[in-house]
Amino acid sequence: MSHLIKITPHLSIPREEIRFKFIRSSGPGGQNVNKVSTAVQLLFDVAHSPSLPEEIRQRLLQLASNRISKEGLLIIEAHSHRSQEGNRKEALNRLIALLRKAAERRKIRHRTTPPASAKRKRLEAKKRRSELKKMRARINYS
């Protein structure tokens, strides 16, 4: 049975599409750091994933362009925890957050004309500023 990772109500990804690679970590951990591969690299094939709609795939490629290899693999590294399990969960949570962000549609902004009152206020403010600067000008006595 395939385990699905729910991203949004309309988007789920099979766990089989995600690969984990365990590597040695730097940072806290004492001797453990030198012996155990606790850091995690999460690999997700964005370019060839059958679960991603094209629209979300394009947004994800744009959003995480610096973390995607030439082959279309998204690589997320996690090494802040001392255990493999903690780092694996953190990497998976980061992937889910990234996919949720890519799934959001940006609202189309419709240009509107400013109301007459706003135009009037702006022009009055410009006039006041102009008067203030005129007052600072040197007086010519000739």
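The values are calculated or read from the model by the stated rules, or taken from the named source; none is laboratory data. Because the structure is predicted, anything quoted here is derived from the model rather than measured. In this analysis, Cβ positions are derived from the backbone assuming ideal geometry, glycine residues included, and neighbour counts consider all displayed protein chains.
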Restricting to the range 81-105, what's the tally of residues that are assigned to a loop (DSSP other than H, G, I, E, B) and crowded, with 18+ Cβ neighbours inside 10 Å? 1
When the range 16-42 is checked residue by residue, the ones that are exposed (fewer than 11 other Cβ atoms within 10 Å of the Cβ) and either over 27 Å from the mean Cα position of the chain (by Cα) or modelled with pLDDT of 85 or more (or both) are Glu16, Gly30, Gln31, Asn34, Lys35
Based on what the data block shows, is Ile108 aliphatic (A, V, I, L, M) and assigned to a helix (DSSP H, G or I)? no
Criterion first (charged (D, E, K, R) and either under 21 Å from Arg105 (Cβ atoms) or at pLDDT below 85 (or both)) does Glu90 satisfy it? no
